[in-house]
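Single-structure report; data block below.
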Amino acid sequence: MNTAASWIVIDEQHAEIRGVLNRNSVPQLWQQILQWSPSVGRLEIDLNEVLNSDSAAMALILHLIEHAKNCNCHIMLRSVPNKLLTLFEVSNAMPLLAGHIEIEIEGKSGYYTS
């Protein structure tokens, strides 16, 4: 099983972040992401394959949202791992994700708003 952090652009509207996101892997991953330049107004990012994360992953997500915003692209996060959601919650940073995250509860999905 490959646990290396990776940024995979599936098509111009979809991407994935996979692997272990921590202080050791995030700087290299951020350099990969900086090479990406959005060509559409919205990008959905699937985080389903994130295996483990720490506060560096939280910083990565916030920087990614800001980078995309500066390029007139709106980020929507899908399948955010519970551990990463908890980090945002205990850091009181969930409002920063408002409008950028879809949360599934009991088979129903909706968008997080502050």
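The values are calculated or read from the model by the stated rules, or taken from the named source; none is laboratory data. Bear in mind the structure is a predicted one, so any value in this text is a computation, not a measurement. Neighbour counts are summed over all protein chains in view; Cβ atoms, including those assigned to glycine, are modelled from backbone coordinates with ideal geometry. Side chains are part of the model used for accessible areas, which takes the heavy atoms of the whole protein and leaves out ligands, DNA and RNA. Shrake-Rupley method; radii C 1.70, N 1.55, O 1.52, S 1.80 Å.
Details
- Some residue of the range 19-32 being touching a residue at least 12 places away in the same chain (Cβ under 8 Å) and within 16 Å of HIS74 (Cα to Cα): no
One line per residue, one yes/no per condition, for (1) within 12 Å of LEU87 (Cβ to Cβ); (2) modelled with pLDDT under 95:
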site	(1), (2)
TRP30	no, no
TRP36	no, yes
SER39	no, yes
GLU44	no, no
ALA59	yes, no
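- In this entry, ILE45 is excluded by the filter for residues that are outside any strand (DSSP E or B) and in contact (Cβ under 8 Å) with a residue 12 or more places away in the chain.
- Residue in the range 9-22 that is within 12 Å of the chain's Cα centre (by Cα) and open to solvent by 90 Å² or more (accessible area, probe 1.4 Å) present: yes
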